[in-house]
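So the structure is just underneath, and the comments pick up after that.
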Amino acid sequence: MAPLISKVNAPAALSAEIIFGLLASIGLWASASGFKQKKSFGRAPAVLANLIALGVSYYMITGKLLIVGIPLAILAAITLISSALGYRE
């Protein structure tokens, strides 16, 4: 909540983070559209995003943030397997 209500000290960094978030959301939307149309171009971004999520969950678990890390790991693993194996073209 602090980033939303505190004073901005580095507006360039905040702008870059917002732009990165927007570009990432567009990429994930394109990936989801590929899955919906049963095309293979959605597969690689989904696999990559879930591999990143598994890495993030690993660091959360090792940092003793188990309540977030374990569900994220489970969700990322299920989605990774689904995106890698769960469709035919």
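The values are calculated or read from the model by the stated rules, or taken from the named source; none is laboratory data. As the structure is a computational prediction, the values presented were derived from the model and not from experiment. Because the Cβ atoms are built from the backbone with ideal geometry, glycine has one as well, and the counts that use them run over all protein chains shown. To get the accessible areas, we keep the full protein, side chains included, count just its heavy atoms, and leave off ligands, DNA and RNA. Shrake-Rupley method; radii C 1.70, N 1.55, O 1.52, S 1.80 Å.
Among the residues making up the range 75-89, those that are in contact (Cβ under 8 Å) with a residue 12 or more places away in the chain and not basic (Lys, Arg) are Leu75, Ala76, Ala77, Thr79, Leu80, Ser83, Ala84, Tyr87, Glu89.
What about Ser15, is it in a helix (DSSP H, G or I), of a type in the set (S, T, N, Q), exposed (fewer than 12 other Cβ atoms within 10 Å of the Cβ) and within 11 Å of the chain's Cα centre (by Cα)? In short, no.
Could you tell me which residue of the range 34-74 is most open to solvent (accessible area, probe 1.4 Å), considering only residues that are touching a helix residue (DSSP H, G or I) at 6+ places or on another chain (Cβ under 7 Å) and free of Cβ contacts under 8 Å to residues at least 12 places away in the same chain? Among those that are touching a helix residue (DSSP H, G or I) at 6+ places or on another chain (Cβ under 7 Å) and free of Cβ contacts under 8 Å to residues at least 12 places away in the same chain, it is Phe41.
Comparison of Gly27, Gly34 shows that the only residue that is part of a helix (DSSP H, G or I), within 13 Å of the chain's Cα centre (by Cα) and not basic (Lys, Arg) is Gly27. Within the range 46-89, the residues that satisfy the criterion of being part of a helix (DSSP H, G or I) and aromatic (Phe, Trp, Tyr) are Tyr58, Tyr59. Taking the conditions exactly as written (farther than 27 Å from Pro71 by Cα, open to solvent by less than 100 Å² (accessible area, probe 1.4 Å) and touching a Pro at 6+ places or on another chain (Cβ under 9 Å)), does Leu28 satisfy them or not? So Leu28 fails the test.
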